[in-house]
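The values are calculated or read from the model by the stated rules, or taken from the named source; none is laboratory data. These numbers were taken from a predicted model, which means no experiment stands behind them. Reconstructed Cβ throughout: ideal geometry from the backbone, glycine too, with neighbour counts over all protein chains shown. These area figures cover heavy atoms from the full protein model, side chains too; ligands, DNA and RNA do not enter into them. Shrake-Rupley method; radii C 1.70, N 1.55, O 1.52, S 1.80 Å.
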Protein chains: 2
Amino acid sequence: KKRPKDISFSNRGMSLEDDLNDSNITYLTQGRAVIHKKPTPIQIVQVDYPKRSAAVIKEAYFKQASTTDYNGVYRGYYLDFEAKETKNKQSFPLKNFHQHQIDHMSACLNQKGICFVILRFASLNRLFLLEAADLLVYWNRQYQEKEKKSISLKELEKNAHEMYYNFSPRIPYLEVVDQLIEDDVHNIE
Amino acid sequence: KKRPKDISFSNRGMSLEDDLNDSNITYLTQGRAVIHKKPTPIQIVQVDYPKRSAAVIKEAYFKQASTTDYNGVYRGYYLDFEAKETKNKQSFPLKNFHQHQIDHMSACLNQKGICFVILRFASLNRLFLLEAADLLVYWNRQYQEKEKKSISLKELEKNAHEMYYNFSPRIPYLEVVDQLIEDDVHNIE
Ligand SMILES: [Mg+2]
Ligand SMILES: [Mg+2]
């Protein structure tokens, strides 16, 4: 795979989440896929109901999400993914993931969903799509080998799918998904 | 279809949402499906960050959900559904649905998702699974005919799938989904 020379579409200070939300709107508008970010779960403690106006939440707390950030449907397939960023330049720390997210991805894989993570190296502005099945291998490795609490950039270059910023959608991740589906069909045949 | 005589599993003052959440936990635990209720979307206005303790949301508002309540993956299929209750005894009012939910279900159907609504008549304690494609017919009808702002119980008895409370899962909706998948396979053949 070659990096395209034109990097004029590199993200302009947007967060990975903003870029993915924008990409999902593009895909939805084009009728290509229906993928949404799940709302942040909130534990509500106190709500006021003022007369003639909307209910106001006066006390609430952020809850740990029990699943991943994004899911939806594309060409009859269930898509499920998590997006994570690091400021590191050499490796992606596994502490960015939580056991319940790993468990959720495993459960989705068992149901034949298409699951992956989108990893961004903020300092390098490089983006990778790593399949959940491969993430699980790195995740389990950390309990077997010492000093392997991360996935090296070299490993991602070899085993993940690098993606490049575009104009619309900004992060064209469905192109990689198309490839995953095609590879899978060939494997079954 | 016959109604089973043993109605000892009829829901005991639980809301439809509670029963579905409980059913989803059962399905998840059994490894049968991964279906979650999406968190309620909240517009956060003010957050306090006290020293040495968790962030507290001090002002926030409920936002209109742009999609449906539940989605997930089952046997490689994308499932998407909304749950609604009425106190009516003769018909299910269409005002329980919003245009953006209808649009979301249409978009999911276009991507070959399995979409439906689960309707409960609270006073009768009867449950129906209505396929989204059929809901769309009733939804569009309200703009064509006068006085048809609802789906009659008789129409649901004829065109929807009645479900009965069980022990575990309380609402065994995947049995209907299995039937939808089977019918669809036969239609394609
Ligand atoms: Mg994330
Ligand atoms: Mg609902």
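Details
- Scanning the stretch B:12-26 finds no residues that are facing chain A (nearest Cβ under 10 Å), open to solvent by 30 Å² or more (accessible area, probe 1.4 Å) and among the polar types (S, T, N, Q).
- Qualifying position, being outside any loop (DSSP other than H, G, I, E, B), open to solvent by less than 40 Å² (accessible area, probe 1.4 Å) and aliphatic (A, V, I, L, M), among A:I44, A:I57: A:I57
- When B:A55, B:A83, B:A65 are checked against the criterion of being at pLDDT 95 or above and small (G, A, S), B:A83 stands alone in meeting it.
- Here is the figure for the stretch A:131-165: residues that are out of contact with any helix residue (DSSP H, G or I) (no Cβ under 9 Å at 6 or more places or on another chain) and touching a residue at least 60 places away in the same chain (Cβ under 8 Å) total 4.
- Residue within the stretch A:93-115 that is at positive phi, in contact with a strand residue (DSSP E or B) (Cβ under 9 Å, 6 or more places away or on another chain) and among the basic types (K, R) present: yes
- In the set B:Y49, B:Y70, B:Y138, only one residue is within 29 Å of A:V47 (Cβ to Cβ) and over 14 Å from the mean Cα position of the chain (by Cα); that residue is B:Y49.
- Condition met for A:D103 (within 14 Å of another protein chain (Cβ to nearest Cβ), of a type in the set (D, E) and either open to solvent by less than 30 Å² (accessible area, probe 1.4 Å) or closer than 22 Å to B:T67 by Cα (or both)): no
- On the stretch given as the stretch B:80-108, residues that are within 15 Å of B:E131 (Cβ to Cβ), more than 13 Å from the chain's Cα centre (by Cα) and polar (S, T, N, Q) total 1.
- Odd one out for A:P39 among (1) within 16 Å of ligand 2 (Cβ to nearest atom); (2) over 24 Å from A:R170 (Cα atoms): (2)
- Of the residues making up the stretch B:62-99, those that are away from ligand 2 (no atom under 12 Å from the Cβ) and more than 12 Å from chain A (Cβ to nearest Cβ) number 10.
- Filtered by the rule that a residue be farther than 18 Å from B:L136 by Cβ, open to solvent by less than 80 Å² (accessible area, probe 1.4 Å) and not hydroxyl-bearing (S, T, Y), the stretch B:151-175 gives B:L153, B:E162, B:M163, B:N166, B:P169, B:R170, B:I171, B:P172, B:L174.
- The residues of the stretch A:106-141 that are open to solvent by less than 10 Å² (accessible area, probe 1.4 Å) and among the aliphatic types (A, V, I, L, M), listed by number, are A:V117, A:I118, A:L119, A:L127, A:L129, A:L130, A:A132, A:L135.
- Looking only at the stretch A:60-92, residues that are among the charged types (D, E, K, R) and in contact with a Lys or Arg (Cβ under 7 Å, 6 or more places away or on another chain) come to 3 in all.
- Within the stretch B:118-174, strands (runs of 3 or more DSSP E) holding 3 or more residues that are under 26 Å from B:N71 (Cβ atoms): B:126-131, B:161-163
- Residue in the stretch A:52-63 that is touching a helix residue (DSSP H, G or I) at 6+ places or on another chain (Cβ under 8 Å) and within 14 Å of ligand 1 (Cβ to nearest atom) present: no
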